[in-house]
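A short worksheet on the structure shown next.
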Amino acid sequence: PSDPARVLLSNFDGAAVDQGSDMVQRLVRQVTAPVRWDLCMRTLADLGVTGVIELPPAGTLAGLVKREFKGGNVPEIVTLNTPDDLPAARDLIARVGGKR
């Protein structure tokens, strides 16, 4: 597999992954181990992420992000549940897509 164009986070251990072969190994481990969304959120915070888009079914992870990022550091969040949510996602990508 080729390397991703953007950094991906592994639900296996929350690590930021930038190599395709590493991501495949982590996906295999993720299927057989508990998901570590808590570590993914910690990595999001460490990376200084300012925008999050949650794909369908959306809402649960967005709520967890809001609780994890306390104070003024909560990233802007868009939840995609219907096609009507796409303009907000496009807008977020246009404004912060090149930033973390």
1.4 Å probe accessible area per residue over segment 7-100, in Å²: 63
In degrees, nearest ten, helix 37-47 long axis to first principal axis of the chain (Cα): 70
Reciprocal of mean inverse Cα separation for segment 51-100 (Kirkwood radius, Å): 11.2
Among G51, G71, G59, residue whose mean-square fluctuation peaks in a GNM of the chain (springs only between Cα atoms under 10 Å): G71
Base-10 log of normalised Debye intensity for the chain (one unit scatterer per alpha-carbon) at q = 0.10, 0.14, 0.16, 0.17 Å⁻¹: -0.29, -0.58, -0.76, -0.86
Carbon plus sulfur fraction of accessible area for segment 1-79, probe 1.4 Å, in percent: 55
Extension gain (nm, one decimal) between D3 and I93, 0.36 nm per residue minus Cα-Cα: 30.3 nm
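The values are calculated or read from the model by the stated rules, or taken from the named source; none is laboratory data. The shown structure was predicted, so the numbers you read here are calculated from the model rather than taken from an experiment. Surface areas here come from the heavy atoms of the whole protein model, side chains and all, with no ligands, DNA or RNA. Shrake-Rupley method; radii C 1.70, N 1.55, O 1.52, S 1.80 Å.
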